[in-house]
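A.B. asks: Could you have a look at this structure, given as structure tokens, before my questions?
The values are calculated or read from the model by the stated rules, or taken from the named source; none is laboratory data. Everything numeric here is computed off the predicted structure, so don't read it as measured data. As a convention, Cβ positions derive from the backbone with ideal geometry for all residues, glycine included, and neighbour counts pool all protein chains shown. Protein only, heavy atoms only, side chains kept; ligands, DNA and RNA dropped before computing areas. Shrake-Rupley method; radii C 1.70, N 1.55, O 1.52, S 1.80 Å.
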Amino acid sequence: VAVLIIVMSVMNGFRTELINKIVGFNSHITVKPYDVTIDLEKINKTKIRLISKNLILSNSSEGIIISEKNSKGILLRGYLKSDFTKLDLINSDNFYGNKNSLEKNFISIGEDLSFNLDLDIGDSITIMSSSSIETIVGNLPKQKTFIVSSIFDSGLADFDNNVIFLNLNTLEEFSNISNNERNLEIYLRNPQNIYSQKAIVQNIFQNELVLSWADMNSSLFSA
């Protein structure tokens with residue numbers, strides 16, 4: 001009986017810690033458009049405002065970091081400067097730098113990535129986009145130099161080593177993404193009661209893909 005109690009306590013504690021870290025890095029519910037831009041007017045006409053704490057627009061793409069030591073594929077996640085400061089991860093004690101400087105060519109990187117590439121706040125890195133630009137010698141991948149303005153620590157190495165935050169408008173220009181493809185990230189007042197609240201959002205956005213934090217990390221929780 002003692003062994004059973006101890007094992008259950010350890011597993012429950014591990015699950016709670018895992019949920020807190022994943023929810024702290026990702027939105028509780030994400031609405032992704034298919035062909036038509038998300039109708040933001042639905043937000044003000046429904047009870048999404050009642051169940052949500054923050055509503056944030058975002059977009060994402062992929063790129064490759066080019067450095068003297070090595071090259072590395074990374075996920076680029078874009079936010080407007082005003083929305084970036086609303087993220088719990090950015091307002092934690094494990095965030096270093098200026099959280100109000102996510103604009104133009106400034107980026108925020110994870111602590112693990114900064115160690116692996118020997119980068120500090122104020123350093124520059126070159127990123128190659130997955131999109132291309134036409135030149136006289138044909139199509140070439142876009143390259144841009146960014147300045148590290150801040151460093152975050154989510155507590156999960158996979159996130160810290162593979163995700164870079166940058167300005168939403170810069171991301172869309174750099175990756176040739178239309179602003180019609182922006183996602184709506186919903187941060188709930190009570191993220192634990194996810195299934196009933198996802199049903200509310202899905203009923204409002206019937207023509208969009210709605211994913212909860214549990215859906216996007218289903219392999220971890222099933223394990």
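A.B. asks: Hey, which of the strands (runs of 3 or more DSSP E) in segment 22-93, taking only ones fully inside, have at least 2 residues that are more than 23 Å from residue 146 (Cβ to Cβ)? Working first, answer last.
C.D. replies: Numbers: elements: 29-32, 52-66, 71-79.
Answer list for segment 22-93: 29-32, 52-66.
A.B. asks: How do the pairs read when you match residues in segment 56-79 that are within 10 Å of residue 128 (Cα to Cα) with residues anywhere that are open to solvent by 50 Å² or more (accessible area, probe 1.4 Å) and among the hydroxyl-bearing types (Ser, Thr, Tyr), using Cβ under 7 Å and keeping only pairs 6 or more apart or on different chains?
C.D. replies: Partner pairs satisfying both residue conditions: 62/130; 63/130; 64/71; 65/71.
A.B. asks: Follow-up. Looking at residue 5 and the list (1) more than 21 Å from the chain's Cα centre (by Cα); (2) open to solvent by less than 60 Å² (accessible area, probe 1.4 Å); (3) of a type in the set (Val, Ile, Thr), which single condition is not satisfied?
C.D. replies: (2)
A.B. asks: Something else about it: Taking interchain pairs and intrachain pairs at least six residues apart, which have beta carbon atoms under 7 angstrom, with the first residue in segment 87-109 and without any contact (Cβ under 8 Å) to a residue 40 or more places away in the chain and the second open to solvent by 70 Å² or more (accessible area, probe 1.4 Å) and among the acidic types (Asp, Glu)?
C.D. replies: Sorted first by the residue in segment 87-109, then by its partner, the list stays empty.
A.B. asks: I would also like to ask the following. In the set 80, 75, 18, which member is of a type outside the set (Val, Ile, Thr), at pLDDT 90 or above and closer than 17 Å to residue 158 by Cα? Spell out the reasoning first.
C.D. replies: Numbers: 80 fails: closer than 17 Å to residue 158 by Cα; 18 fails: at pLDDT 90 or above.
Going through 80, 75, 18 in turn, just one is of a type outside the set (Val, Ile, Thr), at pLDDT 90 or above and closer than 17 Å to residue 158 by Cα: 75.
A.B. asks: Which condition does residue 71 not pass, out of (1) small (Gly, Ala, Ser); (2) open to solvent by 40 Å² or more (accessible area, probe 1.4 Å); (3) closer than 20 Å to residue 180 by Cα, if it passes all the others?
C.D. replies: Going through the list (1) small (Gly, Ala, Ser); (2) open to solvent by 40 Å² or more (accessible area, probe 1.4 Å); (3) closer than 20 Å to residue 180 by Cα, residue 71 breaks only (3).
A.B. asks: Restricting the search to segment 49-68, which residues are open to solvent by less than 40 Å² (accessible area, probe 1.4 Å), β-branched (Val, Ile, Thr) and more than 12 Å from residue 185 (Cβ to Cβ)?
C.D. replies: Once the filter is applied, which keeps residues that are open to solvent by less than 40 Å² (accessible area, probe 1.4 Å), β-branched (Val, Ile, Thr) and more than 12 Å from residue 185 (Cβ to Cβ), segment 49-68 yields 51, 65.
A.B. asks: Among the candidates 162, 94, single out the residue that is closer than 19 Å to residue 66 by Cβ and either under 17 Å from the mean Cα position of the chain (by Cα) or of a type in the set (D, E, K, R) (or both). Give the derivation first.
C.D. replies: Working: 94 fails: closer than 19 Å to residue 66 by Cβ.
Only one candidate passes the filter, namely 162.
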